[in-house]
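Worksheet: the structure to be examined is printed underneath.
The values are calculated or read from the model by the stated rules, or taken from the named source; none is laboratory data. Computed from a predicted model, the values in this text were never measured in an experiment. Quick reminder, even Gly has a Cβ in these numbers, built from the backbone with ideal geometry, and neighbours come from all protein chains shown.
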Amino acid sequence: MNGRADIHRLKGITFGSLLSGLRRNSEGAAAVEFALVALPFLALCGAVFQIAFQIWATQNFDRALQNAVRTIFTGQFQQANAGQTDPATLLAALKTVMCGPASATIANVFNCQSVKIDVATSSTFSSATPTTPINAATGTWNTSFGTNYACAKPGTIVVVTAAVQFPTFFNLMSLSTKKFTSGPGVGSSLLTSTAVFRTEPYQIVGASPC
């Protein structure tokens, strides 16, 4: 008898009544709502984390470069490397000032050993132009960037440009942080810092450092 009653009861159920019942059923609503908002929420969190960490790294990078170029500003670096004319050797020495020796590197947010530095001089501040680290056409380093060193005499206007690859942890919400589209470190962002200054009229001891 119970089985027959159940069959008769099922025969009376229509598609409309089933749909109406589903509309009234709120079970699992929280799970569905969470699934709808989870991806945008996680994308927003990732974007905030990437931007905040990159701003922190940029400030850290700026401070490290300023500490290094101060030795050029005062003439200390030129005097310490007087007689040296090889740009690669001089740039490596400047990076050591910035990062510390290999045995006692300075703690930084970025990979200091991968930093590229360019040092140029200018006749006027208005014509002082920093070099461009990335070739926009190839999406990787400019081949000449990080190979130029111009010795700064007393009272010389100097343009120092430093750049380093920085990992992109999150690139959600269409963040335009990826600058390297080819070559080593593809998908990385770019940290850059530029210092433009006139060297002090420092006292030259012995032969001219330039």
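For this structure, a couple of remarks:
- Scanning the stretch 123-174 for residues that are on the phi > 0 side of the Ramachandran plot and not polar (S, T, N, Q), we see that the one that is farthest from the chain's Cα centre (by Cα) is Gly155.
- Taking (1) surrounded by 14 or more Cβ atoms within 10 Å (Cβ to Cβ); (2) part of a loop (DSSP other than H, G, I, E, B) in turn, Ala137 satisfies each apart from (1).
- Test: residue in the stretch 14-21 that is of a type in the set (Phe, Trp, Tyr) and either at pLDDT 90 or above or surrounded by 12 or more Cβ atoms within 10 Å (Cβ to Cβ) (or both): no
- Of the residues contained in the stretch 119-134, one or more are found to be at pLDDT 95 or above and touching a helix residue (DSSP H, G or I) at 6+ places or on another chain (Cβ under 8 Å).
- Taking the criterion of being hydroxyl-bearing (Ser, Thr, Tyr) and either part of a loop (DSSP other than H, G, I, E, B) or under 23 Å from Arg63 (Cα atoms) (or both), the residues of the stretch 140-161 that qualify are Thr143, Ser144, Thr147, Tyr149, Thr156, Thr161.
- Condition met for Ser193 (under 27 Å from Phe49 (Cβ atoms), in a strand (DSSP E or B) and touching a strand residue (DSSP E or B) at 6+ places or on another chain (Cβ under 9 Å)): yes
- Phe169 vs. criteria outside any helix (DSSP H, G or I), within 30 Å of Cys45 (Cα to Cα) and among the aromatic types (Phe, Trp, Tyr): yes
- The combined condition, being in contact with a Gly (Cβ under 9 Å, 6 or more places away or on another chain) and small (Gly, Ala, Ser), is not fulfilled by Ala128.
- Qualifying residues in the stretch 97-122 (those that are assigned to a loop (DSSP other than H, G, I, E, B) and touching a residue at least 24 places away in the same chain (Cβ under 8 Å)) - the one surrounded by the fewest Cβ atoms within 10 Å (Cβ to Cβ): Ile106
- A single member of Gln59, Gln79 is within 21 Å of the chain's Cα centre (by Cα), modelled with pLDDT of 90 or more and among the polar types (S, T, N, Q), and it is Gln59.
- Members of the stretch 140-154 that are of a type in the set (Ser, Thr, Tyr), surrounded by fewer than 16 Cβ atoms within 10 Å (Cβ to Cβ) and in contact (Cβ under 8 Å) with a residue 40 or more places away in the chain: Thr147
- Cβ pairs under 6 Å, 6+ apart, first in the stretch 155-167 and over 24 Å from Gln50 (Cα atoms) and touching a residue at least 12 places away in the same chain (Cβ under 8 Å), second assigned to a strand (DSSP E or B) and aliphatic (A, V, I, L, M): Val159/Ala120; Val159/Val196; Val160/Val119; Val160/Ala195
- When the stretch 77-94 is filtered for residues that are touching a residue at least 24 places away in the same chain (Cβ under 8 Å) and either in contact with a helix residue (DSSP H, G or I) (Cβ under 8 Å, 6 or more places away or on another chain) or buried (at least 19 other Cβ atoms within 10 Å of the Cβ) (or both), the ones remaining, listed by number, are Gln78, Asn81, Leu90, Leu91, Leu94.
- Being among the small types (Gly, Ala, Ser) and loosely packed, with under 12 Cβ neighbours inside 10 Å is a property that holds for Ser126.
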